[in-house]
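I have placed the structure first, in the form of structure tokens, so that the comments after it can refer back to it.
The values are calculated or read from the model by the stated rules, or taken from the named source; none is laboratory data. This one's a predicted model, so the numbers in the text were calculated from it and none came from an experiment. For neighbour counting, all protein chains shown are included, and Cβ atoms are generated from backbone atoms with ideal geometry for every residue, glycine included.
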Amino acid sequence: MKRISFIILFLIIIPGLYGEEESEILWVNAENFLRYGQADSADIPGYERLPAFFKDSLRTDLLRLGSHSSGLSIAFITDSPFIRAKWKVRYQTKLPHMPRTSTQGVDLYSVDLLTRKWNYVGTGKWWDENNPVHNAVLMENSVYENRVYVLYLPLYDAVDSVFIGIHPKAKITSATVYDPRDLPILVYGTSITQGGSASRPGMAYPAILSRYLHREILNFGFSGNGRLDLELADYLATIPASLLVVDALPNVSAGDVDTKLITFILRVRESSDIPILIVPNISYGHEDDNSETGSALRQKYEEYLIARAFIKKSGVKNVTFLLEKHIRFSDDDGSVDGVHLTDLGMKRHADSLYPVVRKLLK
């Protein structure tokens, strides 16, 4: 959780740019509000996920993906009858298997802090494809006097600025959503962890898990690059956290799983005793039709079990290996391409992980 000072809010009024009906909007810089999903480090720039010291030591692909805001969210409370968002993205990411509402978009939820009940409010939609500054209505005609909101940021793009638009006479301030005594959960993985291919940021499975558990989760999903890099093992081991979930096997090739997994776990254990949950490769929708894919997945799971036996025999403590049967889908309807998960697949994956994660936290 990025801790900031919000004693004084710097309210910035920007003339409406999208019609006279929007000419009276109070635009508030989101830098004034509490930010979740980001490690507490002054060395992490803006709305990114990795510290700047990695600039000269990490692979270029990882650095770029680390600039994406996946898993980051902004918490605030307001009595405004409407909420808008204006945010600037760096890359204007377009992918063939994901909508722009998830790659570049934002997603708004409300939360009742007493009951811990979350409610979906709205998703940012815009029409201008060539403008990196997006402006969208997230909520209108609200009857709530005061409500706590969480704004999820884009899954597959870097964000350079975020402003929240409210009624000029409304009040807005920062909100604390999670118990600050609870250390966050770290989830390290691949494109699926980063959010591919959810329809909107709030439907990435780490975000769903976060709402289930009412606990902050830091998303370290790196599309195509969750390869159990030892630099990431070293870094994750430095972050105060309650649990490290490793869901990276879709990016690890058959023949490398046991060696890489064992090395990664032992590297984390060199400097941290954080509980670790290892997740096997999810089932793929086409594994029964593609003999090469099916064979590779079977080999990877055999190597996964070898790593499990080695870690257990070595006496390494607090490492849980989830068995394949616990995360296999009952049908093939949860993906967009046989691999990357739709909202249905994301919810199923979160549902599979939830009881295990909850038990480990207790």
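Just to be sure, is D61 closer than 25 Å to A39 by Cα and crowded, with 19+ Cβ neighbours inside 10 Å? If you could, list the steps in order and put the result at the bottom.
On the way: closer than 25 Å to A39 by Cα: yes; crowded, with 19+ Cβ neighbours inside 10 Å: no.
It is false that D61 is closer than 25 Å to A39 by Cα and crowded, with 19+ Cβ neighbours inside 10 Å.
Is it true that G294 is in a helix (DSSP H, G or I), within 23 Å of G345 (Cβ to Cβ) and either out of contact with any strand residue (DSSP E or B) (no Cβ under 7 Å at 6 or more places or on another chain) or not assigned by TED's automatic domain parsing to the domain that holds D40 (or both)? Please lay out each step first, then the result.
Details: in a helix (DSSP H, G or I): yes; within 23 Å of G345 (Cβ to Cβ): yes; either out of contact with any strand residue (DSSP E or B) (no Cβ under 7 Å at 6 or more places or on another chain) or not assigned by TED's automatic domain parsing to the domain that holds D40 (or both): yes.
Yes, satisfied.
So which residues in the range 186-200 are touching a Ser or Thr at 6+ places or on another chain (Cβ under 6 Å) and more than 17 Å from P96 (Cβ to Cβ)?
Once the filter is applied, which keeps residues that are touching a Ser or Thr at 6+ places or on another chain (Cβ under 6 Å) and more than 17 Å from P96 (Cβ to Cβ), the range 186-200 yields V187, R200.
Specify the residue that is surrounded by the most Cβ atoms within 10 Å (Cβ to Cβ); the eligible residues are those in the range 318-355 that are in contact with a His (Cβ under 7 Å, 6 or more places away or on another chain) and touching a residue at least 60 places away in the same chain (Cβ under 8 Å).
L341
Of the conditions (1) small (G, A, S); (2) in a loop (DSSP other than H, G, I, E, B); (3) over 19 Å from L58 (Cβ atoms); (4) touching a residue at least 60 places away in the same chain (Cβ under 8 Å), A254 satisfies every one except a single condition; which number is it?
Result: A254 fails condition (4) only.
Criterion first (modelled with pLDDT under 95, charged (D, E, K, R), in a helix (DSSP H, G or I) and closer than 20 Å to I192 by Cβ) does K300 satisfy it?
no
What residue, among those in the range 17-55 that are closer than 16 Å to H167 by Cα and out of contact with any strand residue (DSSP E or B) (no Cβ under 9 Å at 6 or more places or on another chain), is modelled with the lowest pLDDT?
Applying the first criterion (closer than 16 Å to H167 by Cα) to the range 17-55 yields 17-30.
This time we only want the ones that are out of contact with any strand residue (DSSP E or B) (no Cβ under 9 Å at 6 or more places or on another chain), so: 19-21, 23.
Values: G19: 35, E20: 29, E21: 55, S23: 65.
Looking at residues that are closer than 16 Å to H167 by Cα and out of contact with any strand residue (DSSP E or B) (no Cβ under 9 Å at 6 or more places or on another chain), I get E20.
Where in the range 85-162 are there strands (runs of 3 or more DSSP E), lying fully within it, with 1 or more residues that are within 18 Å of the chain's Cα centre (by Cα) and within 20 Å of A207 (Cα to Cα)? Step through it out loud before you land on a result.
Details: elements: 107-112, 117-123, 133-139, 147-152.
Correct list: 107-112, 117-123, 147-152.
Return the pairs, sorted by first residue and then second, in which the second residue is aromatic (F, W, Y) and assigned to a strand (DSSP E or B), the first residue lies in the range 168-186 and is crowded, with 16+ Cβ neighbours inside 10 Å, the beta carbons are less than 8 Å apart, and the residues are 6+ apart or on different chains.
I172/F76; S174/F76; A175/F76; A175/Y149; V177/Y36; Y178/Y36; L186/F220
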